[in-house]
Amino acid sequence: MPPTWREHLVDEGDGTMRIKAHGMMKVDARMVTDAQHMQQHADDRGPEQLVNTASLPGIVGEAWAMADWHYGYGFPIGGVVATDVDAGELGGAISPGGVGFDINCGVRFLALEATKDDIPNLRKLAGRIAGRVPAGGSGKGGVDITASNLQEILHHGAEATVDLGYGQHDDLATIESRGRLETEEAAISKRAMERGMKSLGTLGSGNHFLELQTVSDVVDEATAKQWGLFEDQVVAMIHSGSRGLGHQVCTDHVRQLEASYAKDGDRWVNEQWGYELPDRQLAAAPIHSREGMAYLDSMNAAANFAFANRSVLAHRLRTVLRLEMGVDGEATTLYDVAHNIAKIETHNVHGRQCNCVVHRKGATRAFDAGHQELASRFTTSGQPVIVPGDMGNGSWIMAGPNQGPNQAFGSSCHGAGRALSRAQAKKTIDGKALKRELEASGIRIHASTPNVLSEEAPSAYKDVDDVIRLTAQAGLARPVAKMNPLAVIKG
């Protein structure tokens, strides 16, 4: 028997498919996909999770899965769900599972006024970057900070690291929300604080990376010119998040919320709020409840740490680039965007204005040209949308729509998306052989273990070009330029 959701699947013909509401679903679900793309997905768990998210109390619009969706914790990676802040007495739900454990995992994109020919020695440069930018799961190698410094970072984000001498004031205007989300208490656990004290300025492991890249194809000349991008240009992507601090914040709140739900037949029930959910991993609280506000405040603090972390990582990269390339190594931040976040935003939903809690898990914001939150340089182009692919086949930068918000709460894909689980990739891909193959093609690779390379192999990911095609077809964002990797630093 096929999964129930397939019986309710309708091709919209616009780069999306709709799963009509059934069972516990309060709204329809939408997937950015087409028949060809769907044929490549043997794992139905991601769409099943998407269906589950459509049961969240206070949900509005539709539950979305971006083209890079895959199975996650509670929500699918690539999931976008909005709930009404003003629904009921305590507002719609906020769910830690809709953000994920790596709070504000995101990407910073930096551009140089240089080409590959301006790099004196790529091998030496890549080695120096690997030596200066700590990678791996331990968190070792972070910059020295005091408890007071950490408190400033939790409250003020990237601005606090600039004040500490890491980063530039000019960066702030080109970071989502200027690198700071509002937090009153920043009341995170002692264990979260301990993990944050040692890990500021570290990449982490798994899919986190620092890449030097070259712009290989410009497909939107006008936008690329406006952003200062040109073919053969050297650029950099830094993909990292809130490290152990954010993971601990999520863990603390997930444990507390999940403990408040009890199994009742085929659903999980919280009697205090009258919530019924099909999966305990969706555990949620009303946004205006004590638990909901505590999570939002702590999540914002962890997000501020992530913005600060990428600021320090960018500072470390810039230091090496200047030492190795001189004036050619000056790097300017084009944009820095969050991938795992819940934010209160105003959207038009079925003809009415709604204050929404927009959960983006493995999805990036993609605001349209003219949106009031964007810096002035993006008011005619739309927001830069940074889409890492894989270390063999390249990455993309897109832009939000030219006119008006997109239909997915101003959201877009955040990467290629996994095609193989980490366990499957480790079993089937030889990391050492992959490194030899990539370096033979001219890509410098620095990774702590062959297992990391196996897990992050190009064949473990979807075709990023196909993801970009579907995203553009659905009108969520438009492609601007593709980048190819030069040097890859992974944990």
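A few notes on this one:
- The modelled label-to-label distance between residue 402 and residue 222, using points 7 Å beyond Cα along the C-beta direction, is 0.5 nm.
- Between the alpha-carbon centres of region 30-78 and region 322-364 there is a gap of 21 Å.
- Set 435/490; 198/426; 361/462; 116/432; 426/490 screened for pairs whose C-alpha atoms are more than 23 Å apart: 198/426; 116/432
- Excluding same-chain neighbours fewer than eight residues apart, the aspartates and glutamates reachable from residue 140 by a Cα-Cα span under 14 Å are 194.
- Debye-sum result for the chain in log10 I(q)/I(0), which assumes one identical scatterer on each alpha carbon, at q = 0.12, 0.13 Å⁻¹: -1.04, -1.24
- In this rough spin-label picture, where each label sits 7 Å from Cα along the Cβ direction, the residue 140-residue 173 distance is 4.2 nm.
- Annotation: peptides 233-244, 269-280, ranked by per-residue average of other Cβ atoms within 10 Å with the highest first, follow the order 233-244, 269-280.
- Full extension of the chain between residue 422 and residue 451 gives 9.5 nm of extra length, using 0.36 nm per residue less the Cα-Cα distance.
- Ordering of 79-92, 325-338, 48-61 by packing [mean C-beta count within 10 Å, highest first]: 48-61, 79-92, 325-338
- Span-rule helices in the chain, defined as complete DSSP H runs reaching 30 Å or more along the axis (Cα) with Kyte mean at least -0.5: 290-325
- Sites residue 22 and residue 393 - FRET efficiency at Förster radius 41 Å, r taken between beta-carbons, to 0.05: 0.65
- Evaluated at q = 0.10, 0.23 Å⁻¹, a Debye calculation over the C-alpha positions of region 408-491 (equal weights, vacuum) places log10 I(q)/I(0) at -0.31, -1.09.
- Volume per residue for region 251-380 equals 155 cubic angstrom (convex hull of Cα atoms).
- R0 of 56 Å, Cβ-Cβ distance residue 122-residue 191: FRET efficiency to nearest 0.05: 0.85
- The mean sequence distance of close C-alpha pairs (under 8 Å, at least 6 residues apart), as a share of the length of the chain, puts its relative contact order at 21 percent.
- Ordering 367, 305, 101 from the fewest to the most neighbouring beta carbons within 10 Å gives 101, 367, 305.
- Between region 235-292 and region 143-206, the alpha-carbon center distance in angstrom: 23 Å
- Counted charge near residue 332, where neighbours are those whose Cβ lies closer than 9 Å (Asp, Glu -1; Lys, Arg +1): -4
Read-outs throughout are calculated quantities, based only on the coordinates presented, and are distinct from any laboratory measurement. This one's a predicted model, so the numbers in the text were calculated from it and none came from an experiment. Note that we place each Cβ from the backbone using ideal geometry, even for glycine, and neighbour counts take in every protein chain shown.
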